[in-house]
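Input: a single structure, listed below in structure tokens.
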Amino acid sequence: MREAVHAAGTKVMGAGDAGSRNPGIDALRGLAIVLVVFNHLGLRIPLEKTALAGVLPTWLLNRLNWNGYEAVYVFFVISGFLIAGNALRRWGSLAAIDVRAFYARRFARIVPCLLALLAVLSVLHLLGLPDYVIHRAGQSLPRALLSALGLHLNWYEARTGYLPGNWDVLWSLSIEEAFYLGFPLACLLLRRRTLLAPPLVLLALSLPWTRAALHGNEIWLEKAYLPGMAAIATGVLGALLADAWQPPRRTVMLLGWLGAVGLGAVLLDGGALWHWLRDGYMLVLTLSSLCLLLCFRWRAELGAVSPLRGLGWLRAWGRMSYEIYLTHMFVVYAVVRAYRAWGGDPAQGWLWYLPALGLCWLLGATVERWLSVPCERWLRSRLVGVAPRGRMGMQPG
């Protein structure tokens, strides 16, 4: 391992205060969570039916509304990249990973907000509030709770149908945490990178074929384990590459441009890519996201970190992406009900996006300050023996 570069990477993305975060990664994650919110708003207040259609092209408005699924896959790649990268900086190699500490850190980060969300949703269901009642045939509150805590909510929805929106967002968490249950064990079993990398490569490249095999079940096509895990594996491979190699500056910049063009092509004209590549367009998405992550990481190691002005709000969204992701549907439902109570004029629908975004950020910040960070700090101090400094000891996955 490259000791000098390793130390530089730790300073930029490792243990330290909030200033140690990588601004590029935060901005990419912020873009992803904004697209998720736009998607869930667009299902109820489509931008193409608002007055903006007279100012902006319809294809652009549609892309703003219908990239939520692709945004989750960007999250998957970022997650694998950050969690594997943090493990490499923390323990030196994946073969030396401390399984107990790894699980304890994941528990401290994920479980407090998840339990709070499930408790609130259970109360709202029992109170019979519209938008929160589980009502489909074959579904029940106990079974929904079991599926969320047992990391198979995606499978449960594939069998019984969509759950209410606040429950539905947990499908991605089922995939992520199922992957991380096995990840440290695979690292200890295979130990060498030469043994760990080939199965990760096969999993990462399997994405188009695992998706293609699922056509016929709309929900399972979107939420099956293997396609999501393929995206996470892509991020893990990127972390291994970033730890083992420091390319020249020109290569870093080329990767950045390739990533930006590829991601832009998927987000702005995914239909054309689908026409030519079918399910392969998702591989373009994951590999482009990885190129950007490698560029951000290596630029930081080269000392070329320069956050773009005007994007501070987007980086803030990225820092709170987990909290916003879990809670944004409360805001979406409230805003949509207010919009309809106000008359539901489609032409004015775009005006409701601005307060929705502000409320999503405010709710996420509240959860972060009063629940997520205090609980994580308390749990880490008891389960791991150290409490993170600042927002997080390392940039969180």
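Worth pointing out:
Every residue, every condition in (1) over 19 Å from ALA71 (Cα atoms); (2) at pLDDT 95 or above; (3) not basic (Lys, Arg), yes or no:
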residue	(1), (2), (3)
TRP274	no, no, yes
ASP279	no, no, yes
SER288	no, yes, yes
LEU292	no, yes, yes
LEU308	yes, no, yes
TYR322	no, yes, yes
MET329	no, yes, yes
TYR333	yes, yes, yes
VAL336	yes, yes, yes
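- GLY42 vs. criteria modelled with pLDDT of 95 or more and in contact with a Phe, Trp or Tyr (Cβ under 8 Å, 6 or more places away or on another chain): yes
- Restricting LEU379, LEU354 to those that are in a helix (DSSP H, G or I), farther than 25 Å from ILE110 by Cβ and out of contact with any Lys or Arg (no Cβ under 6 Å at 6 or more places or on another chain) reduces the list to LEU354.
- Unique residue being of a type outside the set (Val, Ile, Thr) and crowded, with 22+ Cβ neighbours inside 10 Å when the list is LEU114, LEU43, LEU94: LEU94
- Out of ALA338, ALA334, one residue alone is within 14 Å of ASN166 (Cβ to Cβ), out of contact with any Gly (no Cβ under 9 Å at 6 or more places or on another chain) and either crowded, with 23+ Cβ neighbours inside 10 Å or not β-branched (Val, Ile, Thr) (or both). It is ALA334.
- Answer from LEU273, LEU290 - the residue that is surrounded by 15 or more Cβ atoms within 10 Å (Cβ to Cβ), in contact (Cβ under 8 Å) with a residue 24 or more places away in the chain and part of a helix (DSSP H, G or I): LEU290
- Output for segment 194-216, where each listed residue is among the β-branched types (Val, Ile, Thr) and either at pLDDT 95 or above or in contact with a helix residue (DSSP H, G or I) (Cβ under 8 Å, 6 or more places away or on another chain) (or both): VAL201, THR210
- Residue in segment 245-257 that is aromatic (Phe, Trp, Tyr), part of a helix (DSSP H, G or I) and without any contact (Cβ under 8 Å) to a residue 12 or more places away in the chain present: yes
- Every residue from segment 220-259 that is small (Gly, Ala, Ser), touching a Ser or Thr at 6+ places or on another chain (Cβ under 8 Å) and within 20 Å of LEU28 (Cβ to Cβ): GLY228, ALA230, ALA231, GLY235, GLY259
- Check on ALA387, at pLDDT 95 or above and either in contact with a strand residue (DSSP E or B) (Cβ under 9 Å, 6 or more places away or on another chain) or surrounded by fewer than 20 Cβ atoms within 10 Å (Cβ to Cβ) (or both): no
- The set of residues in segment 315-334 that are part of a helix (DSSP H, G or I) and out of contact with any Lys or Arg (no Cβ under 9 Å at 6 or more places or on another chain) comprises ALA316, GLU323, ILE324, TYR325, LEU326, THR327, HIS328, MET329, PHE330, VAL331, ALA334.
- Of the residues making up segment 158-216, those that are on the phi > 0 side of the Ramachandran plot and part of a helix (DSSP H, G or I) number 0.
- Single residue of segment 128-159 satisfying the filter (surrounded by fewer than 18 Cβ atoms within 10 Å (Cβ to Cβ) and under 19 Å from ALA224 (Cβ atoms)) that is farthest from the chain's Cα centre (by Cα): ARG159
The values are calculated or read from the model by the stated rules, or taken from the named source; none is laboratory data. Because the structure is predicted, anything quoted here is derived from the model rather than measured. Don't worry about glycine lacking a Cβ; one is built from the backbone with ideal geometry, like all the others, and counts go over all protein chains shown.
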